[in-house]
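Down below is the structure, laid out as structure tokens.
The values are calculated or read from the model by the stated rules, or taken from the named source; none is laboratory data. For clarity, every value in this text was computed on a predicted model and none was experimentally measured. Ideal geometry is used to build each Cβ from the backbone, glycine not excepted, and the neighbour counts take in all protein chains shown.
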Amino acid sequence: MEEPKKENKHLDHYYEDSEIDTYFSNNKVKIPVTEKSGFNFRKLWAFTGPGFLMSIAYLDPGNIESDLQSGTVGNYRLLWVLFGATVLGFIMQSLATKLGVVTGLHLAEMCHRQYKRIPRLILWVMVEIAVIGSDMQEVIGTAIAIYLLSNKIVPLWAGCLITIIDTFTFLFLDKYGLRKLEMFFGLLITVMGITFGYEYVVSGPNSMDVVKGLFIPMCKDCDSKQAVGVIGAVIMPHNLYLHSALVKSRDIDRKNPERLKEANMYYYIESAIALICSLIINIFVVSVFAFGLFQKTNGDIIYKGGIFLGCAYGVAALYIWAVGILAAGQSSTMTGTYAGQFAMEGFLNLRWSKWKRVLFTRSLAMVPTFCTAFFSNLSDLTSLNDYLNAVMSLQLPFALIPTIAFTSNPKIMGSFTNGIIIKIISLMLSVVIVVINIYFVVEKLLNLSLQLYIVSIIYILAVCYFIFIMYLVIHLYIAMGGTWMSDHPAIAKFVIVPLGQQIIDTEKKEQNGV
């Protein structure tokens, strides 16, 4: 049988480099071989898993908090923003998926090869901040859920400590293999769908108002800041790093272009299904509180949202709400741990045991959350979600720009390079998302009464922030074909050369016996 043509033969060096993988090297899911070409449900099932793990980021406690506020502040009028943000998320997740499938390297590993030492260390720190922020939201959500389920017997600070059990839960499940873990995530998503769906049914919002809110863009008399907050809560930076790594868990012949096209197709379908499920669950939450708490006070936090449901629809609604929040919290801690592990492996080429990684992330997340729970009140703890969403919004450029740069570089992606339409759409979306999220953060800062020295520190950090974004944009331009810029001495010195040149240099060294 003739060997298939290697359209991506320039990636052979990368195939060799990506053989070692902490989680999947000895546990890859086999893809069934079928005689007929075209769509096959058995193959779709084999590829199902990474997309649902990725979709957890769309259902974490930070998103639930944002949904609750959207319904309370904007009624159904912000549902179209939620829908649009989910579509934007799907586009970016598809690019991250394609990168992992085609190259056999996840986003952090590619950053390690494409950026110089200091920039990639900065990128790693930014990803870790996003992971820790997500983990803090998990701790908050779980603590509030335990507080509700225990009828206020277990205080919030104790609930934070109880979340340490997540470590043992994660290790226990991971021990039984990847597919078991994926099924457990599917179970948690199902629990969220049932619990929040129950709240939707018993509250009985007007279905036509929900449909209008989804498909008719309008924001009359609604809070523009909340609309920005919805986008910031939905599109998570570390999720692109996570998804690009999770797709490596399938046993794909990456030197066969037909297998790559097939894998991309099934991953796109699976991701679309997973994000549709997450969108429906988010719609449930927004609609329930749009119907019951619109323009009413004291409803925009997770805890009081549960109290409202208990008072309006019976105590069962309160406990079912708490179970849904608990499922959201438990699921997000595991995906955050994976994302942190992949980032550490890729950027630093450092491999930790799973339990060390879990303890590292949870310890950093626990200290500020525990202090807030112990020394402050419930309102302070839940409002912390807003600030965490703002922090993670600032990390978005450090995931979006590298993803677009690598998938738009023909020397990396070969025949799978982004087309001109995808390049334009992804760039426009990235600019819009970044500008919106920066506006969101600036608005929050302007509403705070800060001392002069703090303002000075923030100003210095902001300057450094934009300088680094410009560095990434220059690299993006070179990756997309702007080779004339790479001839500039300063650019050539401080911005890493395109991948093709790296491989040419490698081949020259091999030929010279170096």
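Go through (1) closer than 20 Å to Ala233 by Cα; (2) out of contact with any Ser or Thr (no Cβ under 8 Å at 6 or more places or on another chain); (3) not in a helix (DSSP H, G or I) and name the single condition Lys152 misses.
(1)
What pairs come up if the first residue lies in segment 173-190 and is assigned to a loop (DSSP other than H, G, I, E, B), the second is modelled with pLDDT under 85 and not charged (D, E, K, R), and their beta carbons are under 8 Å apart, counting only those six or more places apart or on different chains?
Within 8 Å, the pairs are Gly177/Asn27.
Can you tell me which residue among Val234, Val247, Val230 is under 12 Å from Met54 (Cβ atoms) and buried (at least 24 other Cβ atoms within 10 Å of the Cβ)?
Result of the check over Val234, Val247, Val230: Val247.
Can you name the helices (runs of 4 or more DSSP H) wholly within segment 1-119 that have at least 2 residues being under 27 Å from Phe468 (Cα atoms) and modelled with pLDDT of 85 or more?
On the way: elements: 12-17, 41-47, 50-55, 61-74, 79-103, 107-114.
Output list reads 79-103, 107-114.
If you check Lys444, Lys423, which single one turns out to be at pLDDT 85 or above and of a type in the set (Lys, Arg)?
Lys423
Name the pairs: first residue in segment 405-429 and touching a residue at least 24 places away in the same chain (Cβ under 8 Å), second residue crowded, with 21+ Cβ neighbours inside 10 Å and among the aromatic types (Phe, Trp, Tyr), Cβ to Cβ under 8 Å, at least 6 apart or on different chains?
These pairs meet every condition: Ile412/Phe406; Met413/Phe406.
Assuming Tyr268 fulfils every condition listed in (1) surrounded by 23 or more Cβ atoms within 10 Å (Cβ to Cβ); (2) modelled with pLDDT of 90 or more apart from one, which condition is it?
Unmet condition: (1).
With the structure loaded, tell me whether Glu138 is within 16 Å of Gly336 (Cβ to Cβ), buried (at least 18 other Cβ atoms within 10 Å of the Cβ) and at pLDDT 75 or above or whether it fails that test.
yes
Please specify each residue of segment 24-78 satisfying the condition of being among the hydroxyl-bearing types (Ser, Thr, Tyr) and touching a residue at least 40 places away in the same chain (Cβ under 8 Å).
Thr48, Ser55, Tyr58, Ser66, Ser70, Thr72, Tyr76
Scanning segment 177-235 for residues that are at pLDDT below 80 and charged (D, E, K, R), which turns out nearest to the chain's Cα centre (by Cα)?
Result: Lys225.
Search segment 250-261 for residues being among the basic types (Lys, Arg) and not in a helix (DSSP H, G or I), and hand back the single one that is farthest from Thr48 (Cα to Cα).
Top of the filtered list is Lys255.
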